[in-house]
Every structure is written in structure tokens, then in C-alpha cells.
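Structure first, commentary second.
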Amino acid sequence: MANALTAVRLLLALPLAILLASKDERAPYAAAAAMVIAIVTDLIDGPVARRRRTTGAFGGTFDHATDCVFVVSGLVGGVLRGVFPWLLPVLVVAAFTQYTVDSYWFHRQGGLHGSRLGRYNGILYFFPLCGDTLVRLGLAFLRPAVAALCWVLVLSTCISIGERFMLARQARQTDRASRAEGTADRSRR
């Protein structure tokens, strides 16, 4: 059931991109509906999985990957219409790719290994989509805030990528040192 809720968001990704790219005056209404459905399914899929005891690495990864696809699709739609910087969706993809690679290949946890800043960014990536839609629905005074938020997210995503890179580097150095120490202990025996 939880994965079905997540799949609804995945199915809304392409229509959202088209709606946010469209200059049709009816598009923001449909985009708002798609985002409400996406946000509601995102809020309830985790509790449904926990209540039904169906949580797992696949479901968590599917949820995060779907959020990434949904947000990037919407951001690309906004980029095509000229309201979001092209750098933001590129960085979101880079950050999610790094998050996945670090989690599965570096930490080898069998699930995603998140960070606090990454979590906040993941939530805030929805805000430019919603903000732009509200601007198009008549709340034009939000336009400067939406633009500023996009650039704040560019900066915070760069910081998150850098932070994850530094932590991975430190962990590799610690791992090498512990392996070298283990080798030295065996040679003393």
C-alpha cells in the first residue's frame, strides 16, 4: 500500500513538469492539484508502511528516488519557463546520486544513510514548485521569495554535497588506518 502511494507521486512527475513548463493560464490549477496529491502521499506513505510493518530498504529508497524524480521534473519544467535557475535541478540530481552511492556502496547499509542538511533540503525542494504555482495563481508578491529560495537551495545543496564528500573522505581514512593497524597487530603475533 505504501509503495502504491509513492507510485502515485512517480506517475505525477511528468505531468507536473509539463504543467510547470506550460504558459497556459489553466496549468497552475492542475499543477496545484498534482502537488497537493504528491505532498499528501509523501506525508502518509511512511506512516502507512510503519503501521502495516512493511518498511524496508526498498521502500525507503523508492520513496526518496520518487521525491527526487518528482522535484527534478517540476524544477526542469520551471527552468524551461525561465523561473528557476538551471543549476538547481542539476545539483539535486548530483546530491541524490551521491546520497545513494554513499549509502549503498560506501556505507554498505542496505538502506539510505541520510544527513540533517540533506533531509531539510529534501523537504525544501518542494517549496519552489509550490511557490511558483502560488505566484501563477495570483500571489505575485511571492516571486522574489521563490527566486531567493532557489538560490539558497543551490548554496545549501552545494554545502550538503561538500559535507557528504568530506565525511566519506574521513571515513575512508579511518578505515585505512584501522586496516593498517589490524595488519600491524597480526604481524606482531
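Some notes on this structure:
- Gap separating the Cα centres of the range 122-164 and the range 1-77, nearest whole Å: 17
- Structure-derived mean projected area of the Cα convex hull in nm²: which label, when the choices are (i) 9.2; (ii) 14.2; (iii) 12.4: (iii)
- Share of carbon and sulfur in the accessible heavy-atom surface of the chain [1.4 Å probe, %]: 65
- Residue-averaged [θ]222 nm for the chain, counting only DSSP H segments that reach four residues, each worth -39500 (n - 2.57): -28000 deg cm²/dmol
- Average accessible surface for the range 4-108: 53 Å² per residue, computed with a 1.4 Å probe over protein heavy atoms with every protein chain in place.
The values are calculated or read from the model by the stated rules, or taken from the named source; none is laboratory data. Since this is a predicted model, take the numbers as computed values, not measurements. Ligands, DNA and RNA are stripped out before the accessible areas are found, and what is left, the full protein with its side chains, is counted by its heavy atoms. Shrake-Rupley method; radii C 1.70, N 1.55, O 1.52, S 1.80 Å.
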